[in-house]
Amino acid sequence: MIIYDPAMSLAWRVTGTAVALTGLVAVGVYKFVLLAMFWRIEPASTGTWVNIGTVGVAMLGPLLVYLWLTRRLLRPPATFRRARDEAAFVVSGSPAQPGFLAITLMVQAANTLPMERVPGTDRIGLPVDPGLQALMAVPALMVLAAFALLWLPGPELRLTPAGITVRNAFRPHDIRWDDLMSGGPHPGRWTIRLLHRGPDGKTGSSRITVFRLHINAVFLATVLRHYAERPEHRAEIGTQAERDRLETGFRQWKAQPVARRGTAVQPPVIRA
């Protein structure tokens, strides 16, 4: 089991940036250098197959390389980090996901670069038409979005004895345990929906984008429901003993036959 530590953050940001830029350059070299060379291969069918193979390597190669580099991080753990500055359990953002998105954006940025055949030659270059040149703003925005994904602060979730803090890139959102509605949370494939009472007493809804976090979604949903319904355990949040209890309970539940687990959000992960 790998617990994501923020100390890994810089290494994975640099790795993701390097692979993404490699994809950008690879597709650019294919479009503006190699493609014209393939036109001259005889017979034409051979040039077509070489072209297909090259574009496949240029577009999919960076993603496959990054998949191999991050293979140990693709299975989110069923545990929390303990905060050093306060009594809290912390869930950091996925160290792998921003890299995948950034690589995809970089490759598509190079793929959407406008190009044209240089008159009187077999070379390919950037267009001279001002209208086509203006289209270069689209790949430029993709590149900026890729860098933003890699280098802006990622999401973070904190569980404290008082409640839940969801931190996104721009602002944190706090939900007290006592404000959570019973029967939740409501997990989905990509998010966990929390129903809670607002300051005005009305029922509100918040979503945790669990697919962006480095944690097992079922484990997280179970823990959130447990603390919402068992206030006597909240004071232990952030302690090593409590983290060990959560991990042990979840492992015992997973070890049960599937037929005995049921479909409830609350498996016997946390027993008093």
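Please specify each residue of region 113-142 satisfying the condition of being in a helix (DSSP H, G or I) and surrounded by 18 or more Cβ atoms within 10 Å (Cβ to Cβ).
PRO139, MET142
Starting from region 22-34, take each residue that is under 12 Å from VAL55 (Cα atoms) and touching a residue at least 40 places away in the same chain (Cβ under 8 Å) and list its partners that are of a type in the set (S, T, N, Q) and open to solvent by 60 Å² or more (accessible area, probe 1.4 Å), counting only C-beta distances under 6 angstrom and pairs at least six apart or across chains.
Matching pairs, first to second residue: VAL27/ASN111.
So which residues in region 109-144 are touching a helix residue (DSSP H, G or I) at 6+ places or on another chain (Cβ under 6 Å) and within 14 Å of ALA20 (Cα to Cα), if there are any at all?
Listed by number, the residues that qualify are ALA109, ALA110, ASN111, PRO139, MET142, VAL143.
Starting from region 80-91, keep only residues that are open to solvent by 60 Å² or more (accessible area, probe 1.4 Å), then list their pairs with residues that are assigned to a loop (DSSP other than H, G, I, E, B) and not charged (D, E, K, R) whose Cβ atoms are within a distance under 9 Å, requiring at least 6 positions of separation or different chains.
Cβ pairs passing all conditions: ARG82/ALA88; ARG82/GLY238; ARG82/THR239; GLU86/THR160; GLU86/GLY238.
Consider ARG75 against the criteria (1) free of Cβ contacts under 8 Å to residues at least 12 places away in the same chain; (2) open to solvent by less than 20 Å² (accessible area, probe 1.4 Å); (3) not β-branched (Val, Ile, Thr): it satisfies all of them except one. Which criterion is unmet?
So the condition that ARG75 fails would be (2).
Residues that are open to solvent by less than 50 Å² (accessible area, probe 1.4 Å), under 30 Å from THR104 (Cα atoms) and in contact with a Pro (Cβ under 7 Å, 6 or more places away or on another chain): which strands (runs of 3 or more DSSP E) entirely in region 149-250 hold 1 or more of them?
163-167, 192-197
Quick check on GLY99: is it surrounded by 17 or more Cβ atoms within 10 Å (Cβ to Cβ), in contact (Cβ under 8 Å) with a residue 40 or more places away in the chain, touching a His at 6+ places or on another chain (Cβ under 9 Å) and under 30 Å from THR165 (Cα atoms)? Working first, answer last.
Values: surrounded by 17 or more Cβ atoms within 10 Å (Cβ to Cβ): yes; in contact (Cβ under 8 Å) with a residue 40 or more places away in the chain: yes; touching a His at 6+ places or on another chain (Cβ under 9 Å): no; under 30 Å from THR165 (Cα atoms): yes.
The answer is no for GLY99.
Pairs only if they're at least six apart or on different chains, beta carbon under 8 angstrom, first in region 201-216 and within 17 Å of PRO77 (Cα to Cα), second loosely packed, with under 14 Cβ neighbours inside 10 Å; list them, first residue then second.
Hits for this filter: THR209/TRP190; VAL210/TRP190; PHE211/ARG189; PHE211/TRP190.
The values are calculated or read from the model by the stated rules, or taken from the named source; none is laboratory data. Note that the structure is predicted; figures quoted are calculated from it, not measured. For neighbour counting, all protein chains shown are included, and Cβ atoms are generated from backbone atoms with ideal geometry for every residue, glycine included. Ligands, DNA and RNA are stripped out before the accessible areas are found, and what is left, the full protein with its side chains, is counted by its heavy atoms. Shrake-Rupley method; radii C 1.70, N 1.55, O 1.52, S 1.80 Å.
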